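The values are calculated or read from the model by the stated rules, or taken from the named source; none is laboratory data. All figures in this text were calculated on a predicted structure; none of them were measured in a lab. Note that we place each Cβ from the backbone using ideal geometry, even for glycine, and neighbour counts take in every protein chain shown. Heads up: the accessible areas ignore ligands, DNA and RNA and are worked out on the full protein's heavy atoms, side chains in. Shrake-Rupley method; radii C 1.70, N 1.55, O 1.52, S 1.80 Å.
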Amino acid sequence: MKKYKEVFNELKRAALIPFFVIGDPDFDTSLEIVKAAIDAGADILELGIAFSDPIADGPTIQKADVRAMGAGMDIGKAKDFISKIKAYKDIPIGLLMYYNLVYQYGTEKFFADFAKAGTNSVLIADLSIDDADEVYEPARKAGLDTVFMVTPNTETQRAKRIAEKCSGFIYTVSLLGVTGGRETLSDMVKPLITRLKSLTDVPVCVGFGVSKPEHAVDLAKAGADGVIIGSKIVKIIEENLDNKQNAPAKVAEFIGQVKQALKQA
Amino acid sequence: MKYDGRFGQFGGCYVPEVLIPALEEIEQAFYKYYKDENFVADLDALYREYAGRPTPLYYATRFSKLVGFKVYIKREDLLHGGAHKVNNCLGQGLLAKYMGKTKLIAETGAGQHGLATSMIGALLGMETKIFMGTVDIERQSVNVHKMKLCGAEVVPVEGGTATLKDAINEALRYWTANVTDTFYLFGTACGPHPYPTVVKYFQSCIGTEARAQCLEKIGKLPDIVTACVGGGSNAIGIFSAFYNDKDVKLVGVEPAGKGLDTGKHAAPLMAGSPGILHGTRMYLMQDEEGQILDTESISAGLDYPGVGPEHCLLKDSGRAEYVAVDDEAVLDIFDIFTKCEGILPALESSHALAWVYSQKGKLPADATVVVNLSGRGDKDVGIVEKHRPTRTKTQTNTD
C-alpha cells in the first residue's frame, strides 16, 4: 500500500490533493468522479464521511453532506467505497471527518477497519492536539499515519507540538474560517507556510479556500508540499446535478488544469 | 488550556484547531477576572441595579394547596429580560469588555439568550449578532423584534431543523472566521471548555441566593430542588449550591416532547447515549452511527439534542435525578399555574412545574420543594393559544 512518504519523495513538485464527500451525489456517481480525478492526476485523495453537523464546513460541503446522506451513505458504504478506489488504483487516501462518527464506531475498531480498507490517515476536524491521546495510539497501532491541523492563529510552540504528532503531513488551514472556495488566497497563508517549514520536515499541505490553478501555483512557490482543493471541486459536482453523468469529466477537466499549472510552476 | 474541562468522562474541548486560541483566551480571562475586585464589584452592581437581583423566593400558596405540599418559587422570571439568561450574559459580556473585545455573537433558541445578549450588547456598546433558526424565528417572533430594537442583527439559520442546534453550528462557523475581535457569548452550561464552567459560575447566584433564602424563610433546607434542563444552565445554577447538602434531592426535568417512546423529544439524559457534539462529550440524541437526530419540544429553549456535561456526570453519579414531561403536561400546567398564581411561567420552566404537579399525592404535606422559575411565559402566549385554542376561548368567555 502506497504511503504518503513515497508520494512526497517521488514528486518534484507540490502534490495535488482533491477532496470529495464520499457518496456525493450518490455512491456510483461519486465512485466515477473519484476515479476520473485519479486519472486526471490526483496524487493523494482527501475523502470526507458526511456528518449531520459539520461545524468546520461552509455551505458547499454542508450541501454535499446532505446529498450523500440523502442518497443513503453510511459508514459501511464509506469503507466499501475506499476499498473500491484502492482496487482501482493504489493511491494514498486521507479521511477528513468529525469525531462523533469515529467515537460511536469505536475509535480502535474504526482505525483498524479503515486501515484495512486502504486508508492512510484519519484527520478529525473537531479534535485538536490537546486530545490527541484519544486517537494517536489507536491510529499508530492500526498502521495509520497521523495528520493534525495547524491554523494561522496557532502559536509557534503549539505548531511545533502538532508537527511532532504528524507522521503523514500537516493539514495547514490557509485562513481563519470554514471550508469554501475564495477568490483570493488569504494573506496569512504564506507566512504560515514559511513558519512551518522552519519548524519541521513533515510535509506541509495547504487547504481551505484554495479554488484556482493560480492559487495552487502560488502555494507551491511559497513552499507547500501539497495543495488540497475541496469546495471548488464539490461545487462542480453541485453544478452538474441535473446531468450527473457529466460530473466526472467536468471534475477531471478542472483537476487537469491544476495539475498542468503545478507541473509548469 | 490550563484545565481540561472534564466532568468525569464528559466535557472537554472538541473543537477545530482554529478555535483553540480563542477558547484559551476566554479561559485565561475568566480565571484572571472572576475574583478580581473591580470585576466582582462591576458585576455585582449590574446584577443589582440592571438585572434586578436578588430575585425573591416566593411561597406559592394556592399552588401548594393544590398539590398538597409546600412549593417555593425562585423568581428568575422577574429579572430584566424575563429570564435567568441575563445572569450569564452580564458575566460573559463584562468579561468580553475586560478582554477588550468589541463584538458579541450568540446563538438562541427561544430567543431569551439572544435577547439577553442583545440587551448587554446595547448596555456595553458592543456590536451584536444573534444566530437563530428560522423555525425559532417564526415561533418566537416577539423576542426577535426585541433583539432588533436593542440594535442587534438577527441572522436567520436555515440548516438542519432550523432550531437551536443549527444556530450553534452557524455561530461556531462565523466565529472561526472572526475569532480575533469577536466574543462568542455562549448561552448554556454546555459546549466546549471553558463554557460549562463559566456559565455555571455566572448562574450560580441563583442557587446561592435560593439556599440562603430557604434558611432564612423556611428555617431549613428544602427537600427537593427542581429545574428544567435543556442545555442545563438554570438547573446547574440552582443545583450547584446544594451539591454538599446530601439530603436535598435535585431533580432535572427534560422535555419529553410528543413522548419518550415516539422518539420525538429532546431528552438526551433520559433516552440518549454519550457522544461528541459542539465541543463536548455529553449524553446525545443520535443514531447508531453517531449522526445527530432531530429533536422536538414545544419549548424552543429546550429543543436541543445534547445537555451540559456536568448534568451528565450528576446523572451517572446519582447526585441528581432526571425525569421528563411531555408537551401536553406542559400545556396543562401553563394553564393551571397561571390560574393559581397569576404568574405566566415560560414553557421551558413549565417543565419543572409539571413534574412538581405530577408529585401530587406522592409527597407528604410537610415536603418542601423549590422550583426554579427560570423565565416568564409572555413570549409563549401565542404558542399556547395555537395548541389550546378551544380552551383559551372557552375560558375567556366564562371568566
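Roughly what % antiparallel, to the nearest 5, for the DSSP beta bridges in chain B? Walk me through the numbers on the way to the answer.
Working: 16 of 51 bridges.
For chain B, the DSSP antiparallel bridge percentage is about 30.
Output the antiparallel fraction of DSSP beta bridges having both residues in the protein assembly as shown, as a percent to the nearest 5. Roughly 20 percent of the DSSP beta bridges within the protein assembly as shown come out antiparallel. Modelled this way, with points 7 Å down the Cα-to-C-beta line, the labels at A:A87 and B:V142 are 6.2 nm from one another.
Rounded to the nearest 500, what is chain A's calculated 222 nm mean residue ellipticity when only DSSP H runs of at least 4 contribute -39500 (n - 2.57) each, over all residues? Write out the running numbers ahead of the final one.
On the way: 12 runs with 127 residues, N = 265.
Computed mean residue ellipticity for chain A: -14500 deg cm²/dmol.
Surface exposure of the stretch B:202-241, expressed per residue as accessible area with a 1.4 Å probe, stands at 27 Å².
Using every pair of distinct Cα positions in the stretch B:199-323, the Kirkwood expression returns a hydrodynamic radius of 15.0 angstrom. Normalised by residue number, the volume inside the convex hull of the Cα atoms of the stretch B:93-236 is 128 Å³ per residue. Please report the net charge: other residues with Cβ closer than 12 Å to the Cβ of B:M270, K and R +1, D and E -1. With Lys, Arg at +1 and Asp, Glu at -1, the neighbours total -3.
Pop the C-beta distance of A:N246 and B:Y98 into the FRET formula with R0 = 45 Å and round what comes out to the nearest 0.05.
On the way: r = 56 Å, r/R0 = 1.25.
It comes to 0.20.
In this assembly, the A-B interface accounts for approximately 2700 Å² of buried accessible surface in total, computed with a 1.4 Å probe and without ligands, DNA or RNA.
If the Kirkwood radius is taken over C-alpha pairs of chain A, then at 37 °C and 0.692 mPa s the Stokes-Einstein diffusion coefficient equals 182 µm²/s. Rounded to the nearest 10 degrees, the angle from helix B:112-124 to the longest Cα principal axis of chain B is 50 degrees. A compact globular protein would have a Cα radius of gyration near 2.2 N^0.38 Å; the ratio found for the stretch A:142-265 is 1.13. Most tightly packed first, judged by the mean number of other beta-carbon atoms within 10 Å of their residues, the peptides B:26-32, A:37-43 read A:37-43, B:26-32.
In plain terms, if you count all Cα to Cα distances in the stretch A:93-191 and split them into 5 Å steps from zero, the share in each step is 2, 13, 23, 23, 17, 12, 7, 3, 0 percent.
Karplus-based coupling profile of the stretch A:8-15, in residue order and whole Hz: 5, 5, 5, 6, 9, 9, 5, 6, with θ = phi - 60° in 6.51 cos²θ - 1.76 cosθ + 1.60 and x standing for Gly or Pro. Accessible-area loss of 20 Å² or more (1.4 Å probe, protein heavy atoms, chain alone versus all protein chains) is found in the stretch A:90-133 for A:Y99, A:N100, A:L101, A:Y103, A:Q104, A:A125, A:D126, A:S128, A:D130, A:D131. Annotation for B:K360 and A:E134: the two label points, set 7 Å from Cα along the Cα-Cβ direction, are 4.5 nm apart. In terms of overall dimensions, chain B has a Cα radius of gyration and Dmax of 19.6, 62 angstrom. To put it simply, the accessible area of chain A at a 1.4 Å probe is 48 percent carbon and sulfur.
How much space per residue, in cubic angstrom, does the convex hull of the C-alpha atoms of the stretch A:1-115 take up?
Working: hull volume 12.6 nm³, N = 115.
About 110 Å³ per residue, rounded to a whole number.
For A:K63, the solvent-accessible surface computed with a 1.4 Å probe is close to 90 Å², ligands and nucleic acids excluded. When nucleic acids and ligands are ignored and a 1.4 Å probe is applied, A:R195 ends up with an accessible area of around 70 Å².
Other chains near B:164-177: what is the mean number of their Cβ atoms within 10 Å of each residue's Cβ? Walk me through the intermediate numbers first.
Working: counts 0, 2, 1, 0, 2, 6, 1, 1, 5, 11, 2, 4, 11, 6.
Mean number of neighbouring Cβ atoms from other chains: 4.
The slack in the chain from A:E253 to A:D201, taken as 0.36 nm per residue of separation less the alpha-carbon distance, amounts to 15.5 nm. When the alpha-carbon atoms of the stretch B:15-169 are used, the pair Rg, Dmax equals 17.7, 55 angstrom.
Two-decimal Rg/Rh of the stretch B:266-336 from alpha-carbon positions, Kirkwood Rh?
On the way: Rg = 13.1 Å, Rh = 13.0 Å.
Radius of gyration over Kirkwood radius for the stretch B:266-336 works out to 1.01.
Which value results when the Cα radius of gyration for the protein assembly as shown is divided by 2.2 N^0.38 Å? Spell out each step's value before the answer.
Working: Rg = 26.3 Å, N = 664, 2.2 N^0.38 = 26.0 Å.
Ratio of Rg to 2.2 N^0.38 Å for the protein assembly as shown: 1.01.
Projecting label points 7 angstrom from Cα along Cα→Cβ for B:Y59 and B:A212 puts them 2.1 nm apart. An oblate overall shape is assigned to the stretch B:307-389, the ratio a/c of its alpha-carbon gyration tensor axes (a ≥ b ≥ c) being 1.5 or greater and a/b not exceeding b/c.
Strictly greater than 18 Å: what percent of every Cα pair in the stretch B:38-88 meets that? Intermediate results must be reported in sequence, preceding the final value.
Working: 563 of 1275 pairs.
For the stretch B:38-88, the share of Cα pairs beyond 18 Å comes to 44 percent.
In a fully extended conformation the segment linking B:Y3 and B:S317 would gain 110.9 nm over its present Cα-Cα distance, using 0.36 nm per residue.
The stretch B:143-221 and the stretch A:69-114 have Cα centres spaced 36 Å apart. Shown here is the pair-distance distribution of the stretch B:90-148: with all Cα-Cα distances grouped in 10 Å bins from zero up to the longest one, the shares run 26, 52, 20, 3 percent.
Distances over 15 Å make up what percent of all Cα-Cα pairs in the stretch B:143-221? That fraction is 72 percent. Ordered by solvent-accessible area of protein heavy atoms (1.4 Å probe), largest first, the residues A:Y171, B:Y33 come out as B:Y33, A:Y171.
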